[in-house]
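Read through the structure below, which is laid out as structure tokens, and then see the notes.
Bear in mind that the values in this text are calculations on the coordinates, not laboratory data. Just so you know, these numbers come straight off a predicted model, no measurement behind them. Don't worry about glycine lacking a Cβ; one is built from the backbone with ideal geometry, like all the others, and counts go over all protein chains shown.
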Amino acid sequence: MALLVEAQPTAEQIAERVAEGRRLLRDHFGMTLTDTELDEGPNLLQRVYDIAAADARAKVAPRRIA
């Protein structure tokens with residue numbers, strides 16, 4: 001059990017990861033949402049990640065015409 005507890009990130013580590021994710025979204029994807037807007041929107045950050053991932057996939061693999 002102790003190993004599982006030790007493997008879990010601390011609240012500080014989670015906050016650092018969130019901040020880094022938001023910085024990357026702003027710097028590399030031009031996201032203009034504020035931290036407050038992200039905090040207020042349920043699953044908003046996940047939706048932004050999903051949109052960015054879909055955009056990246058579209059650039060790598062062109063759509064196939066059926």
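Relative to the Cα centre, what is the charge dipole magnitude of the chain, using +1 at the beta carbon of each Lys and Arg, -1 at the beta carbon of each Asp and Glu, and rounding to the nearest 20 debye?
Working: 9 positive and 11 negative charges, 132 e Å.
That gives the chain a dipole magnitude of about 640 debye.
In the chain, taking the dipole from charged Cβ atoms about the Cα centre, the farthest positive-side position among Ile14, Leu44, Ala54 is held by Ala54.
Plugging the Kirkwood radius over Cα pairs into Stokes-Einstein for the chain, at a temperature of 4 °C and a viscosity of 1.567 mPa s, what D comes out in µm²/s? Result for D is 91 µm²/s. Helical runs assigned H by DSSP (4 residues or longer) give the chain a calculated mean residue ellipticity at 222 nm of -22500 deg cm²/dmol, each run adding -39500 (n - 2.57) before division by the residue total. Note that the range 10-22 has calculated 3J(HN,Hα) couplings of 6, 4, 5, 5, 5, 4, 5, 5, 4, 4, 5, x, 5 Hz, one per residue in order, obtained from phi through the Karplus relation 6.51 cos²θ - 1.76 cosθ + 1.60 (θ = phi - 60°); glycine and proline are x. Here the extension length gained between Ala56 and Ala11 equals 13.2 nm, from 0.36 nm per residue of separation less the Cα-Cα distance.
Potential lengthening of the chain between Ala19 and Glu37 amounts to 5.1 nm, from the contour at 0.36 nm per residue minus the alpha-carbon distance.
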